[in-house]
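Enquirer: Would you mind keeping the following structure in view while I ask a few things?
Please treat every number below as a calculation from the coordinates, not as lab data. None of these values were measured; they are calculated from a predicted model. Note that we place each Cβ from the backbone using ideal geometry, even for glycine, and neighbour counts take in every protein chain shown.
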Amino acid sequence: MHPRLPHAGILSPQAIMIRACFSRHSGVAHRGALERGEMAAKQKLPAQPSGYQCRSEQCEMAEVEIPVYSYAELKKITNGFGAENFMGKTFSSNSLLYRGEIVDKESNLVQKVIVEMRKNEKDYDLKVWQTQLNALKDPTISSHPNVVKLQGYCNSACDLGLVYDCHALGTLHSLIFDESFSWSMRMKVALQLARVLQFLHSQEKPLILLNFEPRSILVDMDFNPLIFGFGLASGGVLGILDHTVLSLIFLSHPQVYLDPEYTLCGITIGPWCDVFSFGTLLLAMITKSHDPEVGEIIARSKYSFLQRFYGINFTKFIVLKNFWKDGKYHIRDSAAVTKLAVRCVKSCLTVVPKYHERPGMSEAVSILECLRVVKKLGLHCSSLA
């Protein structure tokens, strides 16, 4: 069973109305959504439970001395934000990633870094940036080996930047189609991502990322994934997510990896949202595809025989076609991973939401640790709780 975030699904009147407008735009009919928004606006929403902070309140963070860079310094680090250093754009938070180098003036040592830049144009830009900064400054979150280490930040009037200490091959998004990204390395990445989600969900106050997608995951030179997409996170030390912020971002940048049952129907935020994102990402890695249709077909199959035969077996066929020449690929591993991914994206929207029908991340970790390729790589044991 997943731990439940109390009252995390309460929507503001504005968020309800925005979501209703988006639903009509997407062709999904939600009768009375606007009326419910108007009714909610006239009612006083219940207070947040004790122990949880609103996103608007200042989070209490441990004081960590982090270097502050000017825009000019970041421009120099990235060689003028040159095209040769451009890595891509994060789909959800609308920021740009660049490679950079910091040269120590005394020792002349060169440090490889990644610079994430965004314009400070809209109200939510500063909120998303501040949330990400707070998360990466938190000692508990930053202690995990699969969370990127913050090297510095920039907070100018027009530009917001974060500097990460990372020598990266690229984002996970850029590697999905790469033939050198082998089956064994994909399973290594999948296992480590499952472990970091398990870690975040197992905190006393679970932290839900929501923004768990391959453009917000770096992969270092040893094929270790490093997550940095905390801008839309909810719970934990960051407090409850401002749903209006997420709704505005979603209207501008529709998400493939965000649980559609939250974005369209407003189900309670919980670990099951990240489980859906993980399942969609896992499908992308094993099918070498960013096309959401495979995940959508499986997740939205109306009849059980379609779910069982078309969904799972069709995906197995794609995986076999992509990796049968890979020496470390095993058909039983493929079956286990495909079944796990399909369960993760299973629809849980009923009169009484069946969140338990999606596996928890602890179960996902256990399944991945039992894979033959994982055991051969010696990755089935972890020192992390």
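Enquirer: Taking the beta-carbon count within 10 Å as an exposure proxy, list 287, 90 from fewest neighbours to most.
Expert: 287, 90
Enquirer: Evaluate the Kirkwood expression for the hydrodynamic radius of region 72-127, namely the inverse of the mean inverse distance over all pairs of different C-alpha atoms, and round to one decimal in Å.
Expert: Here the Kirkwood hydrodynamic radius works out to 12.4 Å.
Enquirer: Please sort 205-211, 280-286, 155-161 by packing, taking for each peptide the average over its residues of neighbouring beta carbons within 10 angstrom, highest first.
Expert: Ranking the peptides 205-211, 280-286, 155-161 by packing returns 280-286, 205-211, 155-161.
Enquirer: Could you rank the peptides 177-183, 167-173 by their average count of other C-beta atoms within 10 Å per residue, with the highest value first?
Expert: 167-173, 177-183
Enquirer: Let me ask something additional. Quick one: which of 366-373, 232-239 comes out on top by average Cβ neighbours within 10 Å, and what's the full order, highest first?
Expert: 232-239, 366-373
Enquirer: Sticking with this structure for a sec: How far is it, in nm, from the label point at residue 381 to the one at residue 89 when both lie 7 Å from their Cα along the line to the Cβ?
Expert: 4.7
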